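FYI, it's all coordinate maths here, none of it is from the lab. As the structure is a computational prediction, the values presented were derived from the model and not from experiment. Glycine gets a Cβ as well: all are built from the backbone with ideal geometry, and neighbour counts include every protein chain shown.
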Amino acid sequence: NPDIPVGRFNLNPQSWYIENEIKSGDEVSYEYVSDEGRYFVDTSHQKGMLVLPHRPKPGFKLTIVDHYGSWIFYPLVIHRNGNDIMGLSENLVCDEPNMMFSLVFAPETKLGWIVQMFDPTKETKGK
């Protein structure tokens, strides 16, 4: 169906986009995370889902950014793919606009994925 919008997930700080093919009836555009790095996520057309790796190495880290302030309109769901997030067996729903945070896999803590919030007040200029 050509009327179904295609979700865009920017998987690269250099701003190139991967267009996800959406089948008729799908309501969510999804992307499987395979590499560490920054994920600039645009959900301005529909809900998005990032599927975390099933067996990441300890210390695997990704940073997720609401690049267009669109999560308030169409939430991003972080699918846990079998691992806990902050000790909970639940997916993480991101619906606050303009958020930026990291997920770090720490199986030794029994929490699984740990959420690290970005605090711009602790950033130092020129360093």
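Annotation: for a label point projected 7 angstrom from Cα along Cα→Cβ of F118, residues of the range 95-110 with backbone N closer than 18 Å are 95-105.
Distance between the modelled labels on S44 and E96, one decimal in nanometres: 2.3 nm (7 Å Cα→Cβ projection). Name the long-range amide H neighbours of S70: under 5 Å, sequence gap of 5 or more, or other chain; modelled H, no Pro or chain starts. Excluding prolines and chain starts, which carry no amide H, the hits are T43, N98. Across the range 78-88, coupling constants 3J(HN,Hα) worked out from phi with the 6.51/-1.76/1.60 Karplus curve, θ = phi - 60°, read 9, 7, 6, 6, x, 9, 5, 10, 6, x, 10 Hz, and Gly and Pro carry x. In this structure the amide hydrogen of Y30, modeled in the peptide plane, comes within under 5 Å of the amide hydrogens of M49, none closer than 5 places in sequence on its chain. Descending by average beta-carbon neighbour count within 10 Å, the peptides 103-111, 41-49 line up as 41-49, 103-111, the highest first.
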